[in-house]
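Participant: Would you mind keeping the following structure in view while I ask a few things?
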């Protein structure tokens with residue numbers, strides 16, 4: 001029968017029984033005595049001014065990026081707090097529109113259209 005011990009008693013390794021010691025000894029893994037072969041992607045030495053480089057990879061080319069036009073950027077995430085009744089109503093309307101095949105039918109597109117229309121009506125004219 002198993003006897004219950006406290007955690008501090010269980011962590012006392014000098015109190016291990018013969019059965020536990022045999023289990024630990026049987027599960028031990030021999031430590032390798034030779035150094036393993038280096039992998040092809042192992043980092044090479046520091047190259048002056050370039051940082052740590054892979055041993056076989058060429059130095060990276062200077063990369064220049066240009067910003068995309070605003071109309072080509074993907075959607076961005078924002079967090080807003082809404083009254084509790086709006087999310088279920090939005091989900092219901094989105095699902096009904098999807099079943100009827102009416103666009104927009106995703107919650108994201110419906111909210112984007114609503115915000116766009118609100119901004120057109122309420123944004124100050126330049």
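The values are calculated or read from the model by the stated rules, or taken from the named source; none is laboratory data. These figures come from a predicted structure and were not determined experimentally. In this analysis, Cβ positions are derived from the backbone assuming ideal geometry, glycine residues included, and neighbour counts consider all displayed protein chains.
Participant: Keeping to the stretch 73-97, report how many residues are free of Cβ contacts under 8 Å to residues at least 24 places away in the same chain and part of a loop (DSSP other than H, G, I, E, B).
Facilitator: Residues that pass the stated criteria total 12.
Participant: On to the next question. Looking at 57, 70, 94, 61, can you tell me which residue is modelled with pLDDT under 60, surrounded by 10 or more Cβ atoms within 10 Å (Cβ to Cβ) and under 30 Å from the mean Cα position of the chain (by Cα)?
Facilitator: Exactly one of 57, 70, 94, 61 is modelled with pLDDT under 60, surrounded by 10 or more Cβ atoms within 10 Å (Cβ to Cβ) and under 30 Å from the mean Cα position of the chain (by Cα), namely 57.
Participant: Would you check if residue 75 is surrounded by 12 or more Cβ atoms within 10 Å (Cβ to Cβ) and at pLDDT below 95?
Facilitator: No, not satisfied.
Participant: Looking only at the stretch 98-121, filter to residues that are in contact with a helix residue (DSSP H, G or I) (Cβ under 8 Å, 6 or more places away or on another chain) and in a helix (DSSP H, G or I); which one of those is farthest from residue 77 (Cα to Cα)?
Facilitator: Once the filter is applied, the top-ranked residue is 110.
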